[in-house]
Amino acid sequence: MRATRLRSGSRTVGALIAVTATATALAVTAIGPAAAPAAAAPAGATSHQPGDACTAADLGTRHPYIKSTEVSPTITHFKGWYVTEGTTGEQAVTTTTTTTITVSVGLDDKIEASFAVDALNKAGVSVGLSVKMESSTTNTESNAVTWNFNQPGYYGVYKGTKKVTGTYGSLNCNRAQQTDGSWALRWTEGPGSGSFTTYTTLEEGAVRCQDQVPAGSVMAKAQTLLDCGAPTAKAAHPAGAVAPTAKQGQNHVAQPAAPAERPKAAAQAALDCQSAVYKIEVPGKPLSWGAPLLANDGVRLRPSSIFSAHLDNWRLCDVTESNGVLEATLWNWGNGGCATIADQDASSERAILTTASCAEDDLQRFYIYRDVPGSTSIGVQNKYTGSMMGHDRYADGEFIRQYSSGRQDGTGTYNLTGV
């Protein structure tokens, strides 16, 4: 979704300073310890922290938590503009794009998954600002600013925003051993950490060197671009645009980095599989994961019977364990393939789990989060996509899919039952 274009209007510089000063004071109050955040968390967006208790129903879910944040006023469009006696009044100024900010979470700037939206929401709450939580970029904003200049002088005409950046982690529910030797379920940091970028609504205005502006505001950032000590700011000019100073020229358009290409999988992998065979069952129900017979089909919930032809039987292969989390390839006895998310669907929410020829490929690797010893409850997460496995509804033939945050109703929790 593109950013909404701001509607330019006629304003005076003096009025803007007063409004901005008030807004800045309110913003400072909003991020104080006792104040409510400006961006309210959506329903269900609980702020889990590492070490908090979780339940077996949470094994198939995943949540972001914010590790660090930074807020920086940023000018996205700017133009030096000289107003002389007789040229005051309302004028339309075409600014130049100086900085492009693109909303992103990790390497992805397509904010479609619930995990990414939740991460940006938590980031906004943590800094007390209302931020963009959808795919958006400032270069879709109009660069025209209509302003009422009521005094002559050298102006910086601008659009700007508060850029919010930081890092996030990923929390998964998993068993943890306590100091007394007992076991409990805790939210633990799992794979999937990264950085995020977002921004607040754009504001526009005009500012002169001699104007008193709030420190740390977008207007103050624009004033620094005027380079007030330079000859440009002090010399007389004809009315209209002023050539950019060296300082203004340093602000270049920032292009988002291209996502790293995923390494290609090897043709075939020789697997070291455990002898145990399992069903991955819906708890308390007769349906379990059944691999497809046809290459263009997916893993579905199926009843187990003598006619299942081992399509409901899975082995764990190339198993490793780190911090209590198993990592394994899921090999199907019935069709000889390995569970995977198709390469072309890796970034898609609700992509279908399928099987393919086994290969050295992180799309075929899964983290398994376990309940306390004695329970067979597990959650399953794809290593490459970071998404949890689950299903939309309980029904014969229903696909197993990936969900970036898992299934919050607990339907992403399964039983790994030996057969």
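The values are calculated or read from the model by the stated rules, or taken from the named source; none is laboratory data. Source: prediction; values computed, not measured. Neighbour counts run over all protein chains shown; Cβ positions are idealised from the backbone, glycine included. Ligands, DNA and RNA are excluded from the accessible area calculation, which covers all protein heavy atoms including side chains. Shrake-Rupley method; radii C 1.70, N 1.55, O 1.52, S 1.80 Å.
Looking across 309, 295, 267, one residue alone is aliphatic (A, V, I, L, M), touching a strand residue (DSSP E or B) at 6+ places or on another chain (Cβ under 9 Å) and at pLDDT below 95. It is 295. Considering only residues that are hydroxyl-bearing (Ser, Thr, Tyr) and open to solvent by less than 50 Å² (accessible area, probe 1.4 Å), which ones fall in the stretch 115-147? Listed by number, the residues that qualify are 135, 136, 137, 138, 140, 142, 146. When restricted to residues that are over 13 Å from residue 377 (Cα atoms), within 34 Å of the chain's Cα centre (by Cα) and part of a loop (DSSP other than H, G, I, E, B), the stretch 274-296 contains 4.
Looking at the structure I just gave you, is residue 132 at pLDDT 95 or above, within 15 Å of the chain's Cα centre (by Cα) and part of a loop (DSSP other than H, G, I, E, B)? So residue 132 fits the description; yes.
Across the stretch 79-114, the qualifying residues are those that are touching a His at 6+ places or on another chain (Cβ under 6 Å) and outside any loop (DSSP other than H, G, I, E, B), and the one among them that is surrounded by the most Cβ atoms within 10 Å (Cβ to Cβ) is 82. If the condition is being of a type in the set (A, V, I, L, M) and either at pLDDT 95 or above or in contact with a strand residue (DSSP E or B) (Cβ under 7 Å, 6 or more places away or on another chain) (or both), then the stretch 77-116 contributes 83, 92, 93, 101, 103, 105, 111, 116. Taking every residue in the stretch 389-403 that is touching a residue at least 40 places away in the same chain (Cβ under 8 Å) and open to solvent by 20 Å² or more (accessible area, probe 1.4 Å) and pairing it with any residue that is in a strand (DSSP E or B) and basic (Lys, Arg), at least 6 positions away or on another chain, the pairs with Cβ-Cβ distances below 6 Å are 399/300. One residue stands out in the stretch 315-355 among those that are touching a residue at least 40 places away in the same chain (Cβ under 8 Å), in a strand (DSSP E or B) and open to solvent by 40 Å² or more (accessible area, probe 1.4 Å): the one that is farthest from residue 281 (Cα to Cα), namely 318. Looking at the stretch 356-389 only, could you name the residues that are assigned to a strand (DSSP E or B), more than 26 Å from the chain's Cα centre (by Cα) and under 18 Å from residue 298 (Cα atoms)? Answer for the stretch 356-389, where residues must be assigned to a strand (DSSP E or B), more than 26 Å from the chain's Cα centre (by Cα) and under 18 Å from residue 298 (Cα atoms): just 356. Of the numbered criteria (1) in contact with a Ser or Thr (Cβ under 8 Å, 6 or more places away or on another chain); (2) open to solvent by 90 Å² or more (accessible area, probe 1.4 Å); (3) modelled with pLDDT of 95 or more, the one residue 218 fails is (2). Among all positions in the stretch 148-158, there is no residue which is closer than 21 Å to residue 387 by Cβ and open to solvent by 40 Å² or more (accessible area, probe 1.4 Å). For residues in the stretch 305-314 being in contact (Cβ under 8 Å) with a residue 24 or more places away in the chain and surrounded by fewer than 19 Cβ atoms within 10 Å (Cβ to Cβ), which is nearest to residue 278 (Cα to Cα)? Per the criteria, the residue is 310. Whether a residue is among the β-branched types (Val, Ile, Thr), assigned to a strand (DSSP E or B), at pLDDT 95 or above and open to solvent by 20 Å² or more (accessible area, probe 1.4 Å) was assessed, and residue 71 passes this test.
Rundown of residues vs (1) touching a Cys at 6+ places or on another chain (Cβ under 8 Å); (2) assigned to a strand (DSSP E or B), yes/no style:
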site	(1), (2)
142	no, no
155	no, yes
167	no, yes
187	yes, yes
197	no, yes
204	no, yes
